[in-house]
Amino acid sequence: PVTAIEEGRTIYGNIRKFIRYLLACNIGEVLTMFLGMLMGFPVVLLPIHILLINLVTDGLPAIALGLEPKEDGVMEKKPRRADAGIFSDGLLYKIVFRGILIGLTTLAVFATVFRMYGSVDVARTAAFVTLVFTQLIHVFECKSEDKTIFSVPYFNNFKLIFAVLASLLVVFTAVYLPVLQPILRTVALEHQCLLTILLYSMAVPVISALE
(Lines give C-alpha, C1' and ligand atoms only; values in the text may rest on other atoms or scores of the structure.)
Protein backbone atom coordinates (compact mmCIF):
# COMPACT_ATOMS: atom_id res chain seq x y z
CA PRO A 1 0.00 0.00 0.00
CA VAL A 2 2.78 2.46 0.85
CA THR A 3 4.49 1.84 -2.48
CA ALA A 4 1.20 2.32 -4.33
CA ILE A 5 0.57 5.62 -2.54
CA GLU A 6 4.10 6.77 -3.31
CA GLU A 7 3.68 5.87 -6.98
CA GLY A 8 0.30 7.60 -7.11
CA ARG A 9 1.71 10.80 -5.64
CA THR A 10 4.60 10.72 -8.12
CA ILE A 11 2.25 10.29 -11.09
CA TYR A 12 -0.05 13.06 -9.86
CA GLY A 13 2.92 15.35 -9.28
CA ASN A 14 4.24 14.67 -12.78
CA ILE A 15 0.86 15.50 -14.29
CA ARG A 16 0.97 18.86 -12.49
CA LYS A 17 4.51 19.46 -13.73
CA PHE A 18 3.48 18.64 -17.31
CA ILE A 19 0.48 20.99 -17.15
CA ARG A 20 2.49 23.74 -15.47
CA TYR A 21 5.14 23.66 -18.16
CA LEU A 22 2.88 23.51 -21.20
CA LEU A 23 0.42 26.16 -20.03
CA ALA A 24 3.11 28.63 -18.92
CA CYS A 25 4.88 28.24 -22.27
CA ASN A 26 1.66 28.72 -24.23
CA ILE A 27 0.73 31.79 -22.20
CA GLY A 28 4.17 33.19 -22.96
CA GLU A 29 3.72 32.58 -26.70
CA VAL A 30 0.25 34.16 -26.78
CA LEU A 31 1.37 37.20 -24.79
CA THR A 32 4.39 37.66 -27.04
CA MET A 33 2.19 37.92 -30.13
CA PHE A 34 -0.68 39.84 -28.50
CA LEU A 35 1.37 42.45 -26.64
CA GLY A 36 3.67 42.84 -29.63
CA MET A 37 0.69 43.88 -31.75
CA LEU A 38 -0.63 46.21 -29.04
CA MET A 39 2.77 47.89 -28.77
CA GLY A 40 2.93 48.44 -32.51
CA PHE A 41 5.90 46.14 -33.11
CA PRO A 42 6.37 44.35 -36.42
CA VAL A 43 5.17 40.74 -36.24
CA VAL A 44 7.42 39.33 -33.50
CA LEU A 45 7.21 35.68 -34.57
CA LEU A 46 6.13 34.17 -37.85
CA PRO A 47 3.83 31.12 -38.00
CA ILE A 48 6.79 28.90 -38.93
CA HIS A 49 8.56 29.99 -35.74
CA ILE A 50 5.53 29.21 -33.56
CA LEU A 51 5.19 25.82 -35.24
CA LEU A 52 8.84 25.00 -34.68
CA ILE A 53 8.66 26.13 -31.04
CA ASN A 54 5.64 23.93 -30.43
CA LEU A 55 7.37 20.97 -32.04
CA VAL A 56 10.67 21.53 -30.24
CA THR A 57 9.93 22.86 -26.74
CA ASP A 58 6.38 21.61 -26.25
CA GLY A 59 7.25 18.11 -27.45
CA LEU A 60 10.21 16.16 -26.12
CA PRO A 61 10.90 18.22 -22.95
CA ALA A 62 7.25 18.10 -21.87
CA ILE A 63 7.09 14.33 -22.36
CA ALA A 64 10.38 13.85 -20.51
CA LEU A 65 9.11 16.03 -17.66
CA GLY A 66 6.16 13.68 -17.31
CA LEU A 67 8.66 10.86 -16.66
CA GLU A 68 10.32 12.50 -13.66
CA PRO A 69 11.39 10.09 -10.89
CA LYS A 70 9.86 10.51 -7.46
CA GLU A 71 10.96 13.56 -5.49
CA ASP A 72 12.65 13.25 -2.12
CA GLY A 73 10.15 13.63 0.68
CA VAL A 74 7.13 12.84 -1.47
CA MET A 75 5.65 10.75 1.34
CA GLU A 76 6.20 13.50 3.90
CA LYS A 77 3.69 15.83 2.27
CA LYS A 78 0.19 16.04 3.65
CA PRO A 79 -2.47 14.16 1.68
CA ARG A 80 -4.31 16.44 -0.72
CA ARG A 81 -7.95 17.19 -0.08
CA ALA A 82 -10.50 15.13 -1.98
CA ASP A 83 -11.99 18.30 -3.48
CA ALA A 84 -8.61 19.84 -4.44
CA GLY A 85 -8.40 20.67 -8.13
CA ILE A 86 -5.40 20.13 -10.39
CA PHE A 87 -4.51 23.84 -10.07
CA SER A 88 -4.64 23.87 -6.26
CA ASP A 89 -1.88 25.08 -3.92
CA GLY A 90 -1.02 28.10 -6.04
CA LEU A 91 -0.23 26.22 -9.25
CA LEU A 92 -2.40 28.48 -11.41
CA TYR A 93 -0.65 31.58 -10.07
CA LYS A 94 2.77 30.06 -10.85
CA ILE A 95 1.65 29.21 -14.39
CA VAL A 96 0.28 32.69 -15.15
CA PHE A 97 3.16 34.55 -13.47
CA ARG A 98 5.82 32.53 -15.29
CA GLY A 99 3.98 32.76 -18.61
CA ILE A 100 3.88 36.55 -18.30
CA LEU A 101 7.63 36.64 -17.60
CA ILE A 102 8.35 34.47 -20.64
CA GLY A 103 6.30 36.76 -22.89
CA LEU A 104 7.77 39.99 -21.51
CA THR A 105 11.32 38.65 -21.79
CA THR A 106 10.82 37.70 -25.42
CA LEU A 107 9.40 41.14 -26.24
CA ALA A 108 12.24 42.86 -24.37
CA VAL A 109 14.82 40.95 -26.40
CA PHE A 110 12.99 41.74 -29.65
CA ALA A 111 12.95 45.46 -28.82
CA THR A 112 16.57 45.51 -27.60
CA VAL A 113 17.98 43.63 -30.58
CA PHE A 114 15.93 45.70 -33.01
CA ARG A 115 17.45 48.86 -31.51
CA MET A 116 20.93 47.33 -31.68
CA TYR A 117 20.81 46.09 -35.28
CA GLY A 118 17.87 47.89 -36.90
CA SER A 119 16.81 44.64 -38.56
CA VAL A 120 13.44 42.98 -38.09
CA ASP A 121 14.86 39.64 -39.25
CA VAL A 122 17.62 39.70 -36.63
CA ALA A 123 15.21 40.83 -33.89
CA ARG A 124 12.69 38.16 -34.91
CA THR A 125 15.31 35.42 -34.85
CA ALA A 126 16.51 36.65 -31.45
CA ALA A 127 12.93 36.56 -30.14
CA PHE A 128 12.54 33.02 -31.48
CA VAL A 129 15.72 31.85 -29.73
CA THR A 130 14.74 33.70 -26.53
CA LEU A 131 11.34 32.05 -26.39
CA VAL A 132 12.95 28.63 -26.74
CA PHE A 133 15.66 29.43 -24.15
CA THR A 134 13.19 30.71 -21.56
CA GLN A 135 10.96 27.68 -22.03
CA LEU A 136 13.83 25.20 -21.78
CA ILE A 137 15.02 26.95 -18.62
CA HIS A 138 11.49 26.79 -17.25
CA VAL A 139 11.31 23.03 -17.76
CA PHE A 140 13.89 22.66 -14.97
CA GLU A 141 11.87 24.95 -12.71
CA CYS A 142 8.92 22.61 -13.20
CA LYS A 143 10.85 19.69 -11.71
CA SER A 144 9.68 20.80 -8.27
CA GLU A 145 6.90 22.93 -6.83
CA ASP A 146 8.87 23.59 -3.64
CA LYS A 147 12.39 24.27 -4.93
CA THR A 148 13.77 26.94 -7.22
CA ILE A 149 15.82 26.26 -10.34
CA PHE A 150 18.94 26.79 -8.23
CA SER A 151 18.17 23.90 -5.88
CA VAL A 152 16.45 21.25 -8.03
CA PRO A 153 18.37 18.06 -8.94
CA TYR A 154 19.40 18.41 -12.59
CA PHE A 155 20.74 14.97 -13.36
CA ASN A 156 18.11 12.62 -11.92
CA ASN A 157 16.22 12.50 -15.25
CA PHE A 158 18.54 11.94 -18.19
CA LYS A 159 15.57 11.76 -20.56
CA LEU A 160 14.94 15.44 -19.77
CA ILE A 161 18.60 16.34 -20.28
CA PHE A 162 18.56 14.59 -23.66
CA ALA A 163 15.29 16.29 -24.66
CA VAL A 164 16.65 19.75 -23.80
CA LEU A 165 19.92 19.14 -25.67
CA ALA A 166 18.01 17.82 -28.69
CA SER A 167 15.78 20.91 -28.65
CA LEU A 168 18.80 23.22 -28.49
CA LEU A 169 20.40 21.36 -31.40
CA VAL A 170 17.27 21.85 -33.51
CA VAL A 171 17.13 25.56 -32.69
CA PHE A 172 20.78 26.26 -33.46
CA THR A 173 20.50 24.23 -36.66
CA ALA A 174 17.49 26.33 -37.67
CA VAL A 175 19.41 29.55 -37.00
CA TYR A 176 22.89 28.73 -38.31
CA LEU A 177 22.41 26.15 -41.10
CA PRO A 178 22.35 28.24 -44.31
CA VAL A 179 20.08 25.85 -46.22
CA LEU A 180 17.36 26.20 -43.56
CA GLN A 181 17.55 29.97 -43.06
CA PRO A 182 15.38 30.96 -46.07
CA ILE A 183 12.87 28.23 -45.24
CA LEU A 184 12.55 29.08 -41.54
CA ARG A 185 13.09 32.83 -42.05
CA THR A 186 16.01 33.00 -39.64
CA VAL A 187 19.40 34.71 -39.75
CA ALA A 188 22.68 33.85 -38.03
CA LEU A 189 23.06 35.74 -34.76
CA GLU A 190 26.29 37.37 -33.61
CA HIS A 191 27.87 36.55 -30.25
CA GLN A 192 26.77 39.89 -28.77
CA CYS A 193 23.19 39.08 -29.69
CA LEU A 194 23.44 35.62 -28.12
CA LEU A 195 24.87 37.14 -24.95
CA THR A 196 21.92 39.56 -24.79
CA ILE A 197 19.50 36.65 -25.18
CA LEU A 198 21.26 34.64 -22.47
CA LEU A 199 21.29 37.52 -20.00
CA TYR A 200 17.59 38.27 -20.48
CA SER A 201 16.65 34.59 -20.34
CA MET A 202 18.60 33.96 -17.12
CA ALA A 203 17.00 37.00 -15.48
CA VAL A 204 13.63 35.26 -15.57
CA PRO A 205 14.39 32.34 -13.20
CA VAL A 206 16.17 34.77 -10.87
CA ILE A 207 13.01 36.90 -10.67
CA SER A 208 10.91 33.75 -10.19
CA ALA A 209 13.18 32.56 -7.38
CA LEU A 210 12.91 35.91 -5.60
CA GLU A 211 9.14 36.17 -6.08
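The values are calculated or read from the model by the stated rules, or taken from the named source; none is laboratory data. Note that this is a predicted model, so its numbers are computed, not measured. Note that each Cβ is placed from the backbone with ideal geometry, even for glycine, and that neighbours are counted across all protein chains shown. Protein only, heavy atoms only, side chains kept; ligands, DNA and RNA dropped before computing areas. Shrake-Rupley method; radii C 1.70, N 1.55, O 1.52, S 1.80 Å.
The figures follow:
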{"item": "The range 134-211, dipole about Cα centre (Lys/Arg Cβ +1, Asp/Glu Cβ -1), debye to the nearest 20", "result": "240"}
{"item": "Intensity falloff of the chain expressed as log10 I(q)/I(0), Debye formula with alpha-carbon point scatterers, at q = 0.09, 0.12 Å⁻¹", "result": "-0.37, -0.63"}
{"item": "Surface share of carbon and sulfur [accessible, 1.4 angstrom probe, percent] for the chain", "result": "72"}
{"item": "Most mobile listed residue (F172, F133, F18) in the chain, GNM with C-alpha springs under 10 Å", "result": "F172"}
{"item": "Charge-dipole axis of the chain as Lys and Arg at +1 and Asp and Glu at -1 on Cβ define it, positive-most pick from C25, G36, P182", "result": "G36"}
{"item": "Above-threshold pairs, the threshold being 19 Å between Cα atoms, out of K77/K159; K78/K159; K77/K147; K94/K159", "result": "K77/K159; K78/K159; K94/K159"}
{"item": "Among 202-208, 178-184, the order from most to least packed when residues are scored by Cβ within 10 Å on average", "result": "202-208, 178-184"}
{"item": "Size of electric dipole in the chain: Cβ of Lys, Arg +1 and of Asp, Glu -1, about Cα centre, debye, nearest 20", "result": "140"}
{"item": "Pairwise label distance in nanometres, L199 with V152, each label 7 Å out on the Cα-Cβ vector", "result": "2.6"}
{"item": "Kyte-Doolittle at least -0.5, axis length at least 18 Å by Cα - qualifying DSSP helices, the chain", "result": "2-38, 91-117, 120-141, 158-176, 191-210"}
{"item": "Estimated Rh, the range 56-131: Kirkwood, alpha-carbon pairs, angstrom", "result": "15.8"}
{"item": "The chain, accessible area per residue, ligands and nucleic acids excluded (1.4 Å, Å²)", "result": "51"}
{"item": "R80 accessible area, assembled protein chains, probe 1.4 Å, Å²", "result": "140"}
{"item": "Relative frequency of Cα-Cα separations exceeding 13 Å in the range 169-211, percent", "result": "62"}
{"item": "Theoretical FRET efficiency, 1/(1+(r/R0)^6), r = Cβ-Cβ of K70 and F34, R0 35 Å, to 0.05", "result": "0.35"}
{"item": "Alpha-carbon centroids, the range 187-211 and the range 152-179: separation in whole Å", "result": "17"}
